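A single structure is presented below for examination.
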Amino acid sequence: MKKTSAYHHGNLKEALLSTALYMVESEGLDAITLREITQRLGTSRSAVYRHFESKEALIKGVIEQGYAQLDELFTPIFRDQNRSVEERFESMSRAYLDFAIAHPNLYRLLFGERFREEREGICDYRDETQATGLYALIGLLLEAQEKGIVEKADPMIQAATIWASVHGLASLLIDGHLMMSDNLEEIYRHMYISLLKGLC
């Protein structure tokens, strides 16, 4: 009954996205097939095509949901005026790593080489309305510049430097190239300190 209720109540699009997201998270990037999804939801391909013209279109929808999760995670951290700039930087870095560790398959979907073409056009980093997390980070960097915490430089370049550093550590961790999980806190802390010093 639960499988067909989403379709009968007109929530098939949401059910397709949530099912595809669950499959990515629990089974990996190769798990998504329209056949498997329709079987799980008890619906037909023709019904699916009313919402998504192809598997790639459905994957794009999952990617959009993933980016939205990241924006919802990071934006409040960056804009929390009750915490110092340094505290917000540290919380952002930690939240990014925690997200990658908790959702490795989704993380690979959002930032890996596969489905790169599907990601193009979904989130234009030049558009503040699409990349709210990025521009919240830029706002924090501008605040840090005014307070003398980091040097006055192009905040987009600084943001890219921060992302490259944290992303690199996250990728090494989830892909098993950094076999030091027992020392993760120490590694993370050293990276955070080094990153801030490098921006000064």
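The values are calculated or read from the model by the stated rules, or taken from the named source; none is laboratory data. Everything numeric here is computed off the predicted structure, so don't read it as measured data. Reconstructed Cβ throughout: ideal geometry from the backbone, glycine too, with neighbour counts over all protein chains shown. Accessible surface is based on the protein model in full, side chains and every heavy atom, while ligands, DNA and RNA are left aside. Shrake-Rupley method; radii C 1.70, N 1.55, O 1.52, S 1.80 Å.
Mind grabbing the accessible area of Phe111 for me, 1.4 Å probe, Å², rounded to tens?
In the full protein context, Phe111 sits at about 50 Å².
For the chain, what is the mean residue ellipticity at 222 nm derived from helices alone (per DSSP H run of n ≥ 4: -39500 (n - 2.57); sum divided by total residues; nearest 500 deg cm²/dmol)?
It comes out at -22500 deg cm²/dmol, rounded to the nearest 500.
Relative contact order for the chain: what is it in percent, counting Cα pairs under 8 Å that are at least 6 residues apart?
Relative CO of the chain lands at 20 percent.
Let me ask something else about it. Using a simple charge model, +1 on the beta-carbon of Lys and Arg, -1 on the beta-carbon of Asp and Glu, nothing else, what dipole does the chain show about its Cα centre, in debye to the nearest 20?
For this selection, approximately 680 debye.
Round to the nearest 10 and report in Å² the accessible area of Phe115, as given by a 1.4 Å probe over the protein chains' heavy atoms.
30
Follow-up. Provide the solvent-accessible area of Lys152, counting protein heavy atoms only and rolling a 1.4 Å probe, rounded to the nearest 10 Å².
That residue has around 140 Å² of solvent-accessible surface.
Sticking with this structure for a sec: State the Cα centre-to-centre distance between segment 39-58 and segment 65-122 in whole Å.
Value for the Cα centre distance between the two parts: 28 Å.
Put Arg119, Arg50 in order of accessible area, largest first, 1.4 Å probe: what do you get?
Largest accessible area first, the residues go Arg50, Arg119.
Further, regarding this structure: Report, to one decimal in Å, the Kirkwood hydrodynamic radius for segment 21-173 based on all distinct Cα pairs.
Averaging 1/r across every pair of different Cα atoms and inverting gives 17.1 Å.
Please turn the phi angles of segment 51-59 into ³J(HN,Hα) values with the Karplus equation 6.51 cos²θ - 1.76 cosθ + 1.60 (θ = phi - 60°), one per residue in order, whole Hz, x for glycine and proline.
Going residue by residue, I get 10, 9, 6, 7, 4, 4, 5, 5, 4 Hz, with x marking Gly and Pro.
Cα to Cα, under 14 Å, and not fewer than 8 places away if on the same chain: which aspartates and glutamates meet these conditions relative to Lys197?
Correct list for Lys197: Glu86, Glu90, Glu151.
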